[in-house]
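As structure tokens, the structure follows; a few thoughts come after it.
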Amino acid sequence: MIDFKNVSKLYPNDVKALSKVNLHIDKGEFVFVVGASGAGKSTFLKMIMREEVPTSGEIIIDGESLNAMKARKVPYYRRKLGIVFQDFRLIPTKTVYENVAFAMHVIGASQKDISRRVAYALSLVNLSQKAKSYPNQLSGGEQQRVALARALVNDADIIVADEPTGNIDPEMSRDIVDLLSQINQNKGSTVIMVTHAVDLIKSYDKRIVTIKNGCVVSDTAHPEIEKRQKKKEQDTQPESTSTLGGYYEAPSEDAEIEDFLKNYGSEDFNDQI
Ligand code: ADP
């Protein structure tokens, strides 16, 4: 369903955000994408949303090359996608119902379809009771559930979630991932969720792709990627990279992810670090 073939992205300031990414995601898969800040995760999602195009390499989604897609076809392509953002992006002057219905209005759905599908989407996220509320009357977790309803109301084939739990508390975060998981299992939507919340995701038995410095360095569906990357790093890196000018480099999100991989990566990875 989603194929990245040797995809690299160089921004105009010469920052290489992605480097030779090869990735295949099957229809109906659920994939977590993790990595430190600046690793290239958002760029990866923007490529899927066709907000950015590769500098080299090719992205094929549902058999169609995004590189070659004409600008006027992009809005139609995006109807395949349900997008959830970290900051919810609800319209404050519209009710919960109207926020979800809006996603259908813009694609010209009939009034009958709208009322039927919005009611269904709100029931899926357990928010039927709040249909008449405004976003500012809801908790962060509830607002994100509205955003989720909006993402799935048009029956998107692919749900793309960019740090959807970044602005909500841990308990609510679990609700959001559980809901994404249900949507994935019951409706067969492909789900791609970018996150920093490694503690949250380790309790789910899902595929985890780790991006570091623009490269896929680990993929639990393909553990050999991690082995290859580790070998490459050992062959090319100087003995120690942990000191900078004599100072110890502070633990970062990177360290948290390394730690996660140590505990949840493949056995070979554990042997090598
Ligand atoms: P992440 O989502 O993992 O934090 P990003 O994909 O946002 O990472 O960024 C990857 C790298 O590309 C970073 O070094 C970032 O500063 C750079 N970058 C991202 N977007 C742009 C842009 N529009 N123009 C220039 N550089 C960018």
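For the stretch 88-100, the set of residues classified as surrounded by fewer than 20 Cβ atoms within 10 Å (Cβ to Cβ) and not in a loop (DSSP other than H, G, I, E, B) consists of Glu98 only. The residues of the stretch 16-55 include none that are charged (D, E, K, R), closer than 19 Å to Ala156 by Cβ and open to solvent by less than 20 Å² (accessible area, probe 1.4 Å). Cβ-Cβ distances below 8 Å connect the following pairs, each with a first residue in the stretch 74-90 that is in the same structural domain as Ile107 (by TED's automatic domain parsing), a second residue that is open to solvent by 20 Å² or more (accessible area, probe 1.4 Å) and among the aliphatic types (A, V, I, L, M), and a separation of six or more residues or different chains: Arg79/Ile107. Might you let me know whether the stretch 189-197 holds any residue that is farther than 22 Å from Asp219 by Cα and in contact with a helix residue (DSSP H, G or I) (Cβ under 9 Å, 6 or more places away or on another chain)? Scanning the stretch 189-197, I find no residue that is farther than 22 Å from Asp219 by Cα and in contact with a helix residue (DSSP H, G or I) (Cβ under 9 Å, 6 or more places away or on another chain), so the answer is no. Residues in the stretch 1-15 that are surrounded by 15 or more Cβ atoms within 10 Å (Cβ to Cβ) and out of contact with any helix residue (DSSP H, G or I) (no Cβ under 9 Å at 6 or more places or on another chain): Met1, Asp3, Lys5, Ser8, Leu10. At least 3 residues being within 16 Å of the ligand (Cβ to nearest atom) and not polar (S, T, N, Q) is the threshold, and among the strands (runs of 3 or more DSSP E) wholly inside the stretch 1-76 those reaching it are 2-10, 16-25, 30-34.
The values are calculated or read from the model by the stated rules, or taken from the named source; none is laboratory data. This structure is a prediction, so every number in the text was calculated from the model and none was measured. Quick reminder, even Gly has a Cβ in these numbers, built from the backbone with ideal geometry, and neighbours come from all protein chains shown. Note: accessible area is taken over every heavy atom of the protein model, side chains too, but ligands, DNA and RNA are not part of it. Shrake-Rupley method; radii C 1.70, N 1.55, O 1.52, S 1.80 Å.
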